[in-house]
Structures are given as structure tokens and as C-alpha cells.
1. Scan the stretch 104-121 for residues that are outside any helix (DSSP H, G or I) and within 17 Å of the chain's Cα centre (by Cα) and jot them down.
2. Which members of the stretch 57-78 meet the condition of being surrounded by fewer than 19 Cβ atoms within 10 Å (Cβ to Cβ) and within 19 Å of the chain's Cα centre (by Cα)?
3. How many residues does the stretch 55-79 contain that are in contact with a helix residue (DSSP H, G or I) (Cβ under 8 Å, 6 or more places away or on another chain), over 17 Å from residue 21 (Cα atoms) and in a loop (DSSP other than H, G, I, E, B)?
4. Out of the residues in the stretch 46-56 that are at pLDDT 95 or above and more than 21 Å from residue 84 (Cβ to Cβ), which is nearest to the chain's Cα centre (by Cα)?
5. Tell me which residues, restricted to the stretch 122-148, are surrounded by 15 or more Cβ atoms within 10 Å (Cβ to Cβ), in a loop (DSSP other than H, G, I, E, B) and either over 20 Å from the mean Cα position of the chain (by Cα) or without any contact (Cβ under 8 Å) to a residue 60 or more places away in the chain (or both).
6. Scan the stretch 81-102 and tell me whether some residue there is assigned to a strand (DSSP E or B), closer than 24 Å to residue 167 by Cα and either in contact (Cβ under 8 Å) with a residue 12 or more places away in the chain or within 16 Å of the chain's Cα centre (by Cα) (or both).
7. Look through 169, 219 and report the one residue that is assigned to a loop (DSSP other than H, G, I, E, B) and either under 27 Å from residue 116 (Cβ atoms) or free of Cβ contacts under 8 Å to residues at least 12 places away in the same chain (or both).
């Protein structure tokens with residue numbers, strides 16, 4: 001099993017903490033976000049990890065050398081990290097998408113039990129991990145589902161009355177999913193405007209072809225790190241081992 005972690009960005013909304021440190025290297029309960037992710041992945045049997053890095057890549061390289069030298073973890077450099085969004089990071093990793101793989105945003109902390117549930121979900125081309133809450137804000141990646149749990153749309157601008165869940169930043173690709181996703185990435189990035197796109201814009205398009213199912217991880221621990229207050233919340237949530 002392979003996982004790809006998208007960690008190229010700086011995380012400017014966390015300034016001044018990210019002035020010289022990428023968001024994925026910020027500490028949560030005395031451990032970098034990236035280390036939390038890697039440890040969770042290794043604990044559920046993921047034996048190959050690809051990290052897409054950009055801003056201050058040397059700090060990430062040092063972490064891997066010091067902490068994970070005996071594991072199969074490779075780092076790919078995204079030279080477009082200052083001018084593009086994470087669809088470009090997916091493009092950098094496209095040659096690694098040659099079999100089943102997990103795709104994880106570099107700012108999403110997850111517990112191993114959550115990963116295990118996604119890995120054991122129904123086998124479909126693309127599985128989007130989702131959670132539910134009472135109220136969704138403008139920054140949430142909102143998801144509309146049909147009655148069988150298939151994704152109808154995923155976007156920050158899904159109308160409120162159509163929202164059923166939010167994407168947590170973890171997607172699982174199986175069967176023909178990796179091939180279809182790669183083809184869609186390469187097609188999209190022929191258009192320069194798509195450099196500013198999130199990869200979930202591709203997932204949204206593929207959902208229209210009935211290729212994307214959902215996996216509810218409700219009740220499991222996860223936290224997205226976007227703002228300084230998120231670090232405190234993550235620290236309280238992950239201060240003890242899973």
C-alpha cells in the first residue's frame with residue numbers, strides 16, 4: 001500500500017509561525033504534523049510513502065533522515081509551490097499513482113483507526129473520506145451525497161441546502177481510479193488557469209461520472225490545521241497515543 005502526502009505549501013494563514021517553517025513541520029503535542037501522519041500510516045501497514053514538498057524542503061528532508069531512515073519514504077520537489085495549488089502537487093506525483101494509493105492533504109491529522117476504516121471500505125474507483133457536523137463554514141470543503149452515499153459534488157461553494165458532509169482531506173484510489181485520476185490531472189493542467197485549482201476539482205468532475213463513493217469517518221479523531229487556533233485544538237485532540 002502506498003500513500004502520497006501533499007505538503008508543498010507554506011501555510012501563510014499560520015504566519016508568523018510559518019515564516020521559515022512549512023505548515024507540515026509545525027508541532028502538535030511536541031511532534032510535527034508530518035510525523036503524526038507518517039506514524040499513523042505506518043501503523044496500519046502502509047509501506048511506501050511519497051511526500052510532495054516545496055517550501056523549506058530541507059526541513060522535511062532532515063526529519064525523514066533522522067526519524068524514518070529505515071522506511072521507504074521518498075520526497076518529490078514541487079517547483080511550482082509558490083504559484084500553484086495542490087493540483088500541481090498531484091501532477092508532480094502522477095508517476096507514483098500506478099496502483100492503489102491514499103492521497104492525504106499535508107495539513108490533516110488523522111488517527112490510525114480512521115485510516116483503517118477507509119482502507120477497509122467498499123472497493124470502488126475513488127473513496128472520499130467525509131465527516132458531518134451541524135454547521136459548515138465558508139472554508140469547509142463541502143460534499144453532497146446521494147441516498148446511497150455516492151458523491152454528487154464536492155466544493156467550497158456547494159449550496160447550504162445541498163450539503164451532507166465535508167471532505168477531511170483523505171482520498172483512496174483503487175481499481176481504475178488511479179488511471180482515471182492521472183488522466184484527468186494531465187488534461188486539466190494543459191490549461192494554465194488550472195494551476196490555481198485544488199485536486200478536489202478533479203474529484204468533483206469525476207463524481208459526475210459515478211466514480212466517487214464516500215466513507216464516513218464520524219466518531220474518529222482528525223483535525224485540519226489552517227489557523228493558529230487549530231494547532232491548540234489538535235494538541236488537545238492528539239495529546240495521547242491512539
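The values are calculated or read from the model by the stated rules, or taken from the named source; none is laboratory data. What you are looking at is a predicted structure, and each value in this text was computed from that prediction instead of being measured. For neighbour counting, all protein chains shown are included, and Cβ atoms are generated from backbone atoms with ideal geometry for every residue, glycine included.
1. Restricting attention to the stretch 104-121, the residues satisfying the condition of being outside any helix (DSSP H, G or I) are 104-111, 120-121.
Passing the criteria: 104, 105, 106, 107, 108, 109, 110, 111.
2. Once the filter is applied, which keeps residues that are surrounded by fewer than 19 Cβ atoms within 10 Å (Cβ to Cβ) and within 19 Å of the chain's Cα centre (by Cα), the stretch 57-78 yields 74, 75, 76, 77.
3. Residues that pass the stated criteria total 2.
4. Within the stretch 46-56, the match that is nearest to the chain's Cα centre (by Cα) is 49.
5. Filtering the stretch 122-148 down to residues surrounded by 15 or more Cβ atoms within 10 Å (Cβ to Cβ) leaves 124-131, 136, 140-145.
Restricting the remaining residues to those that are in a loop (DSSP other than H, G, I, E, B) gives 124-125, 136, 140-141.
Within the stretch 122-148, 136, 140, 141 meet the criteria.
6. As a first pass, look at the stretch 81-102 and keep what is assigned to a strand (DSSP E or B): 101-102.
Subset that is closer than 24 Å to residue 167 by Cα: 101-102.
The next check asks that each one be either in contact (Cβ under 8 Å) with a residue 12 or more places away in the chain or within 16 Å of the chain's Cα centre (by Cα) (or both); those that pass are 101-102.
Taking every residue of the stretch 81-102 in turn, at least one turns out to be assigned to a strand (DSSP E or B), closer than 24 Å to residue 167 by Cα and either in contact (Cβ under 8 Å) with a residue 12 or more places away in the chain or within 16 Å of the chain's Cα centre (by Cα) (or both).
7. Answer to the selection: 219.
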